[in-house]
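Input: a single structure, listed below in structure tokens.
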Amino acid sequence: MHKTIASLLLSSMLMGSSLFAQTNDEKEIADRVESLRKAMIAADKTSLSELTSEDLTYGHSIGLIENKAAFIDNLVTGKSVFKTIALSDQTIKITGDVATVRHHFVAETNNGNVPGKADLLVLLVWQKQNGKWKLLARQAVKSPS
């Protein structure tokens, strides 16, 4: 009987610490998403490079696919310009060293000095690489709203 109670108590403590770790990872992912949002608006090459995987595949809602170099270059050179980016309805799910993030992405753009708006549903895939979460993949679709 004592062994059963001790076993249950130990199991509860281990599950509790596992949930705490997941909560920390979720916060870290949320912070990385926010850092990416800010880096995209600022066209900050150093931050964009640090946040993204060397194997990045970045999918736009129009079907264009960019690798890491093209994604960063288009922001830094002003080909893609984000004046504002607002994220809402964000969910984060972590499975091992992979995290999926979904959110509603609304932005004001100024690509080629032409003002525009983006209203998208986005899926981000983050992978823990050498202890840091890196953006591995992104795919967007136009929001039905």
Filter the range 91-113 for residues that are part of a strand (DSSP E or B) and either modelled with pLDDT under 95 or among the charged types (D, E, K, R) (or both) and give the result. Lys93, Arg102, Glu108, Asn111
If the requirement is being outside any loop (DSSP other than H, G, I, E, B), over 23 Å from Asp25 (Cα atoms) and either more than 18 Å from the chain's Cα centre (by Cα) or modelled with pLDDT under 95 (or both), which of these qualifies: Gly116, Gly63? Gly116
Report the residue count in the range 87-97 for those that are over 17 Å from Val141 (Cβ atoms) and exposed (fewer than 14 other Cβ atoms within 10 Å of the Cβ). 4
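Taking the stated definitions as given, is Ser88 hydroxyl-bearing (Ser, Thr, Tyr), in contact with a helix residue (DSSP H, G or I) (Cβ under 7 Å, 6 or more places away or on another chain) and modelled with pLDDT of 95 or more?
Details: hydroxyl-bearing (Ser, Thr, Tyr): yes; in contact with a helix residue (DSSP H, G or I) (Cβ under 7 Å, 6 or more places away or on another chain): no; modelled with pLDDT of 95 or more: yes.
So Ser88 does not fit the description; no.
Considering only the range 66-88, state which residues are basic (Lys, Arg) and part of a strand (DSSP E or B). Reasoning before the result, please.
The first filter runs over the range 66-88 and keeps only residues basic (Lys, Arg), leaving 68, 79, 83.
The answer is Lys83, and nothing else.
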If Leu123 satisfies every condition in (1) crowded, with 16+ Cβ neighbours inside 10 Å; (2) of a type in the set (A, V, I, L, M, F, W, C); (3) within 19 Å of Thr52 (Cβ to Cβ) but one, which is the exception? (1)
Any residue at all in the range 127-141 that is surrounded by fewer than 14 Cβ atoms within 10 Å (Cβ to Cβ), more than 14 Å from the chain's Cα centre (by Cα) and closer than 14 Å to His60 by Cα? yes
I'd like to verify a number: residues in the range 53-80 that are touching a Phe, Trp or Tyr at 6+ places or on another chain (Cβ under 7 Å) and touching a residue at least 24 places away in the same chain (Cβ under 8 Å), how many? 2
Working only within the range 108-138, note down all residues that are among the small types (Gly, Ala, Ser), farther than 15 Å from Ile41 by Cα and in contact (Cβ under 8 Å) with a residue 40 or more places away in the chain. Ala137
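The values are calculated or read from the model by the stated rules, or taken from the named source; none is laboratory data. Since this is a predicted model, take the numbers as computed values, not measurements. Neighbour counts run over all protein chains shown; Cβ positions are idealised from the backbone, glycine included.
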